[in-house]
Each structure stands twice: as structure tokens, then as C-alpha cells.
Amino acid sequence: MQALRAGYPDIVINEHTPPRILSGHAGKVAWEQALWPWRARGALGHAPYLAPPLLAPGTVVTVHDLIPLAMPAYRAGRGQALYFWLVRAGLRRARTLIADSESTRNDLARLAGVSSGRVHVVPLGVDERFRPADAATRSHARQRLGLPERFGLFLSTRDLRKNLGVVLAAWPEVWRTCRLPLVVAGRSPRQASRVYVDWFADLDPSADDWLHVYGPVDERDKPDLYRAADVFVFPSRYEGFGLDPLEAMASGVPVIAARATSLPEVVGDAGPLLPPDEPAAWSDAIAAMACDSAAATEMRERGLARAATFTWARTAERTHAVYRQASI
């Protein structure tokens, strides 16, 4: 946030920190639609998440994704339906919007009726913590985190759109072909939730041979977890940008991702892009990467080159350009 404010003392960013008195859903709406726009009066306001204020159409609004509008399961309940009606109305009134990807810009037109000419695409960057490591460092990371000597990695939450099921369906063939185990790390399903799935409920007992399930990963451990992997798999059905495969590429790990929404914009030609619902295609691609060291090395080098083009400095520069235009 400090980088975005540099050179713009008159910008007010909604950092989503309403007073304690504004709690619950009603307080959230009151903050986003009334109190924060009032605080930003006389300045250029920036709402850096999906909270466009109806009464301040001059505010710059960043839209990272439109998951609740694209996937009905994520807006369950009357209250959420009403909230996202308000969001749509705010998006239509907003004069200046920022999207993380062309895919999100297209979704703004398709799902919210927003003219593409009002939307500026500003890709995200990758943190410098994510970088390659030598063999000794990777070996130490595996030992410290209790990981197998070789493995493929799925690192994400386990909700509906992340599509872990296709990887679990593909992996028995990967295991038969090249004996590569799978590590699944990330938050477990929330009880009584429509979007968090128990992907392991119907697994064959043979999964005990190749599946290693870990819980939530501390942010400090993520770089080591990426570096330790032989391949990173990301079959998500919907991403506004795709920061996870970008972090993996920057860490020097070959990436295989779904050919869906924004992921081709991030991965480019640095890794196979596959249909999200074809386990056989995932088996073939993962096994090919795990069994062919030359192919893995080529994808690793392509990934590093690709990741180097996504920097936070570039994100800040492009955001400042949007501020300049919005201030005219």
C-alpha cells in the first residue's frame, strides 16, 4: 500500500479496517458504501477489492476476480445475493476499474455489464521470497518439513473451484508410471460449507501408497515447499489472476495448470495447460514431466523467465498510471 501511495499524497485507500462499532454484514456495507467514501471525499479514493461505492463513482476500484458472480455456490443465501446485487450496481457506476487480468476484464463485461473501456488490466507481481534454490537447500527443506524425497505438489485451499478431484483421479496412473507421490497441502474443508469439499471421501485404499496430506502451510514455509517439489499442479476452474502458479514458477518448479480463466495469461508457454476435467490428460502431462528430466529442466527455465516479467514495481507503475488518468 505504501508503494501505491508514493507520489500520491491525496489518495485514500480502503484498507478494509472499519471501526469496531461497524461489525457484521451491516457494518461492512455501511463502511464500504457510506463511511469510507465520506472519509475519502475531496481525494482520489481507491477500493482495492470488490467493494465499489454507489455514491462515489469517481473511486478507482480493483477487481481481483468475480467468483461470487461466476459461480453461484459462492453467493449462497439471500443476504449474499442482495450484497452482490449492490456490488453489480456499484461496478456499473464506477468510472475507473482495475482488473488483474484480461480474463477478469472480460468477466466484468459478461457478468456485470461493465464497458471494457473503463477497465485497466494491471497484472500482479511475485514476491522476491520466491526464488530457486540449490540441491542442498531443497534437500534441507524436505527434511525440515517432513516431505518425501520426490513429489508433486498441490498447494491450495480445498474448495470447489480449486478442483483437487481431477488430480486425485489422475495420480494412480502417475504413481504406476514413475512412482512419484503427491503432496496435498492447504486448509481442510470447513464444516457445513457448500464450497469446501471432502475430496478424499471416496479414494481407493491404494492412495495410502502415494498420497501425503498436510494441513495449512505457514507463509514462511511456502517458498521452501515450492522449491522442494518436482512439479506443481494447479487445476483450478476459476482464478482472477493465478498467483500460486506464478510463485511456483519463480521458485524454479515446473508448473502444470488448467486451461481456464486467467491461468493461460500467467503461465503462457512456460507449462502445459490442460482441460480441467480430463484426468487422463493430467496423468500423461504429470508423468511426462516427472519422468523426463530434460523436459522438466526446459519448463523450469521457461517458468523462471516468465515469472521475471511479473514484478510488484511494474504493478505499482501501472496503478499510478491509472491514478493519473482518473485524476484528470
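The values are calculated or read from the model by the stated rules, or taken from the named source; none is laboratory data. Keep in mind that what you see is a predicted model, and the values were worked out from it rather than measured. So basically every Cβ, Gly included, is an ideal-geometry build from the backbone, and we count neighbours across all protein chains shown. To get the accessible areas, we keep the full protein, side chains included, count just its heavy atoms, and leave off ligands, DNA and RNA. Shrake-Rupley method; radii C 1.70, N 1.55, O 1.52, S 1.80 Å.
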Per the filter on the stretch 165-221, residues acidic (Asp, Glu) and not in a loop (DSSP other than H, G, I, E, B) are Glu173, Asp208, Asp209, Glu219, Asp221
Hits in the stretch 248-261 (condition: buried (at least 24 other Cβ atoms within 10 Å of the Cβ) and at negative phi)
Ala248, Met249, Ala250, Ser251, Val253, Pro254, Val255, Ile256, Ala257, Ala258
What is the one condition in (1) among the aliphatic types (A, V, I, L, M); (2) farther than 16 Å from Leu274 by Cβ; (3) surrounded by fewer than 20 Cβ atoms within 10 Å (Cβ to Cβ) that Leu180 does not satisfy?
(3)
Taking the stretch 262-280, which residues are hydrophobic (A, V, I, L, M, F, W, C), open to solvent by less than 10 Å² (accessible area, probe 1.4 Å) and touching a residue at least 60 places away in the same chain (Cβ under 8 Å)?
Val266
Could you check the stretch 95-115 and list, in sequence order, the residues that are outside any strand (DSSP E or B) and hydroxyl-bearing (Ser, Thr, Tyr)?
Ser101, Ser103, Thr104, Ser115
Could you please give the count of residues in the stretch 231-267 that are of a type in the set (Val, Ile, Thr), within 14 Å of the chain's Cα centre (by Cα) and assigned to a loop (DSSP other than H, G, I, E, B)?
1
Residue in the stretch 150-177 that is surrounded by the fewest Cβ atoms within 10 Å (Cβ to Cβ), counting only those that are under 16 Å from Ala248 (Cα atoms) and among the hydrophobic types (A, V, I, L, M, F, W, C):
Phe151
For Glu219, which of the numbered conditions (1) under 19 Å from Leu145 (Cα atoms); (2) in contact (Cβ under 8 Å) with a residue 24 or more places away in the chain fails to hold?
(2)
Given the criteria open to solvent by less than 30 Å² (accessible area, probe 1.4 Å), under 17 Å from Leu164 (Cα atoms), of a type in the set (S, T, N, Q) and over 14 Å from the mean Cα position of the chain (by Cα), does Ser283 qualify?
yes
I want to confirm something. Restricting to the stretch 24-48 and keeping residues that are surrounded by 11 or more Cβ atoms within 10 Å (Cβ to Cβ) and part of a loop (DSSP other than H, G, I, E, B), which single residue is modelled with the lowest pLDDT?
Ala40
Write out, first by first residue and then by second, each pair whose Cβ atoms fall under 8 Å of each other, whose residues are 6+ apart or on separate chains, and whose first residue, in the stretch 126-150, is part of a helix (DSSP H, G or I) while the second is open to solvent by 90 Å² or more (accessible area, probe 1.4 Å).
Arg142/Glu149
Among the listed residues Arg194, Arg190, identify the single one that is within 29 Å of Tyr74 (Cα to Cα), in contact with a helix residue (DSSP H, G or I) (Cβ under 6 Å, 6 or more places away or on another chain), modelled with pLDDT under 95 and open to solvent by 40 Å² or more (accessible area, probe 1.4 Å).
Arg194
Consider Ala295 carefully, then state whether it is buried (at least 18 other Cβ atoms within 10 Å of the Cβ), touching a helix residue (DSSP H, G or I) at 6+ places or on another chain (Cβ under 8 Å) and part of a helix (DSSP H, G or I).
no
